[in-house]
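**Q** My structure is below; once you've seen it, I'll send some questions.
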Amino acid sequence: MCAVMRSVTPLLLTLKVAGLATLAAFLIGVALAWILSRRQFWGRDWLDAALTLPLVLPPTVLGYYIIVLLGRNGWIGRWLYEQFGFTLMFTWQGAVVASSVVSLPLVFKAARSAFESVDHDFEKAARTLGLSETGVFFRISLPLAWRGILAGTMLAFARAMGEFGATLMVAGNLPGRTQTLSLAVYDAVQAGNDQLAGILVGITSAVCILVLVSSGRIFKTQYLREVHR
């Protein structure tokens with residue numbers, strides 16, 4: 001019973017961090033996916049590569065980049081500390097930033113693919129009828145691409161829940177403050193507490209499997225719709 005209670009705090013923190021990180025990744029990823037799928041400009045391929053980079057870089061490298069940028073002595077972090085006395089280092093907000101960076105490519109790639117699969121004739125017809133670009137996005141493109149975007153967002157949530165390396169470097173491993181499920185598992189294993197580790201691993205695995213099954217069904221539905229279109 002004690003082990004179960006000790007798993008509640010990391011679970012709640014993980015859900016909060018993963019939820020906010022997924023929201024940030026969704027807003028940024030969808031916006032950038034729309035721009036890259038509809039606009040031609042110099043450096044477009046380089047921007048796409050930069051947004052996809054977190055998929056292949058080691059999480060510790062991403063954590064280092066975040067520290068260089070947002071740490072107390074970082075390019076942006078120093079300004080935040082001098083102006084507002086605020087730092088993201090060793091805070092749950094820092095864990096949100098780390099998780100959003102890691103999960104962003106999953107939303108971005110899924111959203112871009114979904115937008116590119118939308119028939120441009122529908123968008124052209126809407127513009128001909130006087131609909132603004134904002135109206136075209138919210139009334140035509142987004143409704144037609146939402147399944148692919150939702151599937152990518154669900155994968156991003158699962159990825160944010162399991163984030164370890166970048167979160168450890170940016171937010172640390174402070175029980176009750178920044179210790180997410182993956183960090184709690186690491187601590188439990190190091191302490192030889194197999195019972196707690198087993199419970200935490202079971203919770204994480206169950207949530208991630210549920211998300212993967214759901215996103216897989218969404219992808220399948222989207223594929224069948226494309227085949228029968």
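The values are calculated or read from the model by the stated rules, or taken from the named source; none is laboratory data. Bear in mind that the values here come from a model prediction, so they are computed numbers and not experimental data. With ideal geometry, Cβ positions are generated from the backbone for all residues, glycine too; neighbour counts draw on all protein chains shown.
**Q** Restricting region 94-118 to residues that are of a type outside the set (A, V, I, L, M) and touching a Phe, Trp or Tyr at 6+ places or on another chain (Cβ under 9 Å), which is farthest from Thr178 (Cα to Cα)?
**A** Phe115
**Q** Which one of these does Val170 not meet: (1) more than 27 Å from Val68 (Cβ to Cβ); (2) modelled with pLDDT of 85 or more?
**A** In the conditions (1) more than 27 Å from Val68 (Cβ to Cβ); (2) modelled with pLDDT of 85 or more, Val170 misses (1) alone.
**Q** How do the pairs read when you match residues in region 189-203 that are free of Cβ contacts under 8 Å to residues at least 24 places away in the same chain and under 10 Å from Pro10 (Cβ atoms) with residues anywhere that are in a helix (DSSP H, G or I) and among the basic types (Lys, Arg), using Cβ under 9 Å and keeping only pairs 6 or more apart or on different chains?
**A** Every condition considered, no pair remains.
**Q** Here's another thing I want to ask about it. All but one of (1) buried (at least 24 other Cβ atoms within 10 Å of the Cβ); (2) hydroxyl-bearing (Ser, Thr, Tyr); (3) closer than 25 Å to Asp45 by Cβ hold for Ser117; state the number of the condition that does not hold.
**A** The single condition Ser117 does not satisfy is (1).
**Q** A further question on this structure: Does at least one position in region 80-95 carry a residue that is under 30 Å from Ile140 (Cα atoms) and out of contact with any strand residue (DSSP E or B) (no Cβ under 9 Å at 6 or more places or on another chain)?
**A** Scanning region 80-95 turns up no residue that is under 30 Å from Ile140 (Cα atoms) and out of contact with any strand residue (DSSP E or B) (no Cβ under 9 Å at 6 or more places or on another chain).
**Q** For region 170-189, name all the residues that are in contact with a Ser or Thr (Cβ under 6 Å, 6 or more places away or on another chain) and buried (at least 17 other Cβ atoms within 10 Å of the Cβ).
**A** The answer is Ala171, Thr180, Leu181.
**Q** Another question about this same structure. Being among the aromatic types (Phe, Trp, Tyr) and not in a helix (DSSP H, G or I) is the filter here; which residues of region 141-188 pass it?
**A** Correct list: Phe164 only.
**Q** Determine whether Val118 is in a helix (DSSP H, G or I) and either touching a helix residue (DSSP H, G or I) at 6+ places or on another chain (Cβ under 7 Å) or free of Cβ contacts under 8 Å to residues at least 60 places away in the same chain (or both).
**A** Here the answer is no, as Val118 does not meet what is asked.
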